[in-house]
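S.K.: Below is one structure. I have some questions about it.
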Amino acid sequence: MDASVDGRRPARTVGFRARHGARFGLRTATIACAAAALVAGAVPASAQIAPAPDPVVVVDCFDQAQVRPEEYLLACGDGNNRLVDLHWKTWGSHTATATGTDMVNDCRPYCAAGRFRPYPVTVTLANPERWPDHPDLDRFTTLRILYTDEAPHPVPKDSTYRLVY
């Protein structure tokens with residue numbers, strides 16, 4: 001039994017934290033977590049992380065927005081020219097670059113009887129502008145095709161097209 005100096009109160013031989021350590025630590029941690037949650041909830045939405053802006057798109061022949069498409073139809077009227085197996089190296093707010101294959105119908109002896117021939121290419125999309133049909137989106141307006149081997153006759157090895165869709 002603890003003895004007191006003057007006989008009225010027992011002497012303290014063990015400190016408060018030693019006797020109540022586990023409860024004291026748990027209570028302090030709970031209060032600290034609650035305070036942190038209140039502070040996090042009080043931060044205005046403008047100070048929190050904003051969602052990423054919509055990416056620039058490329059519009060296809062069917063007036064659909066595409067981001068990093070695996071295929072892209074160049075000849076909307078007859079389907080005789082299509083980019084396939086596109087592997088995008090970059091897709092940024094100003095340009096996008098991919099490698100792939102341009103499948104071109106040789107139309108010999110005429111297009112319905114022709115064969116599709118593969119030509120390896122590097123494709124670059126550029127010159128983003130607001131899309132009139134969707135003013136919240138920017139769309140690429142030019143497409144450059146660089147044939148890395150031979151180009152289909154009579155197409156130049158380096159060609160840039162205005163995208164009007």
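S.K.: Quick check: net charge around Arg117, other residues with Cβ under 13 Å of its Cβ, Lys/Arg +1 and Asp/Glu -1?
M.R.: -1
S.K.: Work the Kirkwood hydrodynamic radius out for segment 80-165: mean of 1/r over every pair of different alpha-carbon atoms, inverted, in Å.
M.R.: Mean inverse Cα-Cα distance, inverted, gives 14.0 Å.
S.K.: Hey, can you rank 101-108, 88-95, 77-84 by average C-beta count inside 10 Å, highest first?
M.R.: Top to bottom by mean Cβ count within 10 Å: 101-108, 77-84, 88-95.
S.K.: Using a/c under 1.5 as the rounded threshold, could you call segment 85-132 rounded, prolate or oblate? The axes a ≥ b ≥ c are square roots of the C-alpha gyration tensor eigenvalues, and prolate needs a/b larger than b/c, oblate otherwise.
M.R.: Note, shape of segment 85-132 comes out oblate.
Where a number appears in this text, it was derived from the coordinates with a stated rule and is not lab data. Remember, it's a predicted structure, so these values are computed and weren't measured experimentally. Please note: Cβ atoms are built from the backbone with ideal geometry, for glycine as well, and neighbour counts cover all protein chains shown.
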